[in-house]
Structure formats: C-alpha cells, structure tokens
Amino acid sequence: MTTLTVRQLSTVLVLAIAALPYTAAAQTEVTGIRAMGMGEAFTANPAGAGALTLNPAGISALHMYSIETSYAHDTATGVNSLHLSVTDGKSNPRLGGGVGYSFRTSSEEATLADFTGHDFYGALAFPVVAEWLIVGSTIHYLDYELQGTSYAKGVTMDAGLLVMLGDFVS
C-alpha cells in the first residue's frame, strides 16, 4: 500500500482547489456572434472576442485575425452593452494577442438606474507545444459606477489552457 507524504498530499489538494471553477462577482459575459450562432457551445475552444473572456489560449488556436463588435440590450436589467475587440493569432506563430473594450450603460427603463461600466481586456497566448498545447492569460480592468458612485473597480487576471488531441485520438 502506498502512503502519501504531507508534501504530496498538499500538492494534490492545491491542484484540486485550483481546478475548481470560480466566478468573480464582477465578471462580465461578452457573447459574440459566433458563440450565439453555435448555441453558445463555444467555451471549450473560443477564438476572437470569445477568447478574451472565455479562454485566452484560444487566440493562438486558430491562425486568424479577428475584429469584432457587438451591441446587446439586456431586457431583464435594461442595460445596453457595446463591445469592440481585435485579436491576432496569425502574425506570429509563437505568440497571439488581443485587446478589447466594452461599454455598458442603463437605459431609461432599466432596473439598474444610472449605471455605467467600462471593461478593458488585454490577452496573450503562446503554444507551448505547437498545434497541441497552448496557454494564455487575460488581464481585465473594470470600472463600474451606479448612481455616480463607484460600484466595482479593479483588475482581474484569467489564465487558460487548451489541449488539442484531435490528431492523437481517432
């Protein structure tokens, strides 16, 4: 029978906790046109604007340029959202990147009266093993105001990992 040392058990526990999904209170969702067209079955392998917010490793998965803009109106809260992003996974095969900006404001019939929000995204992704393993990271700055008072302001960092087994699994 194998026994685990305290160090091995601690390592397993830290990895298990790190693998749990966490949701930040100020996390925002920017669903692009491609994700909506796929019935939002998009988070496993996003590209373009979706990679900035869902999995930054996806920027380097598809060798493409992407310029996306979207507008949305949330009928439940009355908040209008405008998003613009640019990603580049083609120019440099060893490094992909992207930037994005979202502006949110409440409409006259909004349940969140006098709400404004700004989100800035910057992401980098690089293949660790070409066409097989990609890692990426996004830095997200947000600044939300509600009735003229700062509601949420801060910086978050997200990391993503993409393992593509398509050539190895038949």
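The values are calculated or read from the model by the stated rules, or taken from the named source; none is laboratory data. Keep in mind it's a predicted model, so treat the numbers as computed, not measured. Neighbour counts are summed over all protein chains in view; Cβ atoms, including those assigned to glycine, are modelled from backbone coordinates with ideal geometry. All accessible areas refer to the heavy atoms of the entire protein, side chains included, with ligands and DNA or RNA removed. Shrake-Rupley method; radii C 1.70, N 1.55, O 1.52, S 1.80 Å.
Data for the structure
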{"item": "Loop-located GluC sites (Glu not before Pro) in the stretch 65-113 whose Cβ has at most 10 other Cβ within 10 Å (DSSP)", "result": "Glu108, Glu109"}
{"item": "Label-to-label distance, nm, for residues given as Asn92 and Asp143 (7 Å Cα→Cβ offset)", "result": "2.8 nm"}
{"item": "³J(HN,Hα), Karplus 6.51/-1.76/1.60, whole Hz, each residue of the stretch 77-94, x for Gly, Pro", "result": "9, x, 8, 9, 10, 10, 10, 9, 9, 9, 10, 9, x, 10, 4, 10, x, 9"}
{"item": "Around Gly122: net Lys/Arg minus Asp/Glu count, Cβ-Cβ under 13 Å", "result": "-3"}
{"item": "Accessible area (Å², 1.4 Å probe, nearest 10) - Lys90", "result": "110 Å²"}
{"item": "Label-point separation, Leu165 to His73 (7 Å along Cα→Cβ), nm", "result": "4.5 nm"}
{"item": "Heavy-atom accessible area order for Thr111, Thr156, Thr5, largest first, 1.4 Å probe", "result": "Thr111, Thr5, Thr156"}
{"item": "Local net charge near Gly96, Cβ-Cβ under 12 Å (Lys/Arg +1, Asp/Glu -1)", "result": "+1"}
